[in-house]
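To start, the structure under review is shown below, and the notes come after it.
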Amino acid sequence: MDKRVNIEQIEPAAFKAMYSLANYMGTTRLSKTHAELIKIRASQVNGCAFCINMHTKDARKNGETEQRIYVLNAWKETELFTAEERVVLAMTEEITRIADAGLSESTYQKAKDLFDDQYIAQIIMMIVTINSWNRIAIATQLQPV
């Protein structure tokens, strides 16, 4: 692959802002498990090899099992994920595929039944954040290391 623009070098202020958002997300109440499931699943949907590689490693470090990582792209077909995780994953897919229909009322209501408004906002912001990173990585052809 041809080398593409390095946004971190060319637009360091923009990258600093992205890092600030990512760092802020690490200070929220969002559980590490929910955060990593969001990052991995959105990256799978978007086809971002760089982010899938990074976040599966991070998830393992945080105690995620190999089995759950392997079946994450088929989470609807297994009982390995809790009710809360299933809602988080549904939100991730629906928001990531925003052009299809966006966050459905059904999924949103399930989230309201399980989480308070602040936690829902934090889920949404994590989904927004990883989708932004996916787009940067894919557009610039970042490679897994």
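Tabulated results
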{"item": "Residue identified as of a type in the set (A, V, I, L, M) and in contact with a Phe, Trp or Tyr (Cβ under 8 Å, 6 or more places away or on another chain) among LEU72, LEU80, LEU30", "result": "LEU30"}
{"item": "Any hit, the stretch 43-65, residues being closer than 13 Å to MET126 by Cβ, crowded, with 18+ Cβ neighbours inside 10 Å and in contact with a Cys (Cβ under 9 Å, 6 or more places away or on another chain)", "result": "yes"}
{"item": "Subset tally (residues that are in contact (Cβ under 8 Å) with a residue 60 or more places away in the chain and hydrophobic (A, V, I, L, M, F, W, C)) for the stretch 4-31", "result": "7"}
{"item": "Candidate set: the stretch 1-15, residues that are surrounded by 11 or more Cβ atoms within 10 Å (Cβ to Cβ) and among the charged types (D, E, K, R); chosen: the one farthest from ILE127 (Cα to Cα)", "result": "GLU11"}
{"item": "Index of the failed condition, GLN143 passing every other in (1) at pLDDT 95 or above; (2) of a type in the set (S, T, N, Q); (3) surrounded by fewer than 20 Cβ atoms within 10 Å (Cβ to Cβ)", "result": "(1)"}
{"item": "From the options LYS57, LYS76, residue that is modelled with pLDDT of 95 or more, more than 23 Å from ALA137 (Cβ to Cβ) and in a helix (DSSP H, G or I)", "result": "LYS76"}
{"item": "Where SER31 falls short, out of the listed (1) surrounded by fewer than 13 Cβ atoms within 10 Å (Cβ to Cβ); (2) among the small types (Gly, Ala, Ser); (3) more than 21 Å from ARG135 (Cα to Cα)", "result": "(1)"}
{"item": "Residues being in contact (Cβ under 8 Å) with a residue 40 or more places away in the chain, out of contact with any Ser or Thr (no Cβ under 6 Å at 6 or more places or on another chain) and part of a helix (DSSP H, G or I) - total across the stretch 96-130", "result": "8"}
{"item": "Selection within the stretch 60-95 - without any contact (Cβ under 8 Å) to a residue 40 or more places away in the chain and either touching a Gly at 6+ places or on another chain (Cβ under 6 Å) or of a type in the set (Ser, Thr, Tyr) (or both)", "result": "THR65, TYR70, THR78, THR82"}
{"item": "Breaking point among (1) in a helix (DSSP H, G or I); (2) surrounded by 13 or more Cβ atoms within 10 Å (Cβ to Cβ); (3) touching a residue at least 12 places away in the same chain (Cβ under 8 Å), for ARG135", "result": "(2)"}
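The values are calculated or read from the model by the stated rules, or taken from the named source; none is laboratory data. Note that the structure is a prediction, hence the values are computed from the model and not measured. Note that each Cβ is placed from the backbone with ideal geometry, even for glycine, and that neighbours are counted across all protein chains shown.
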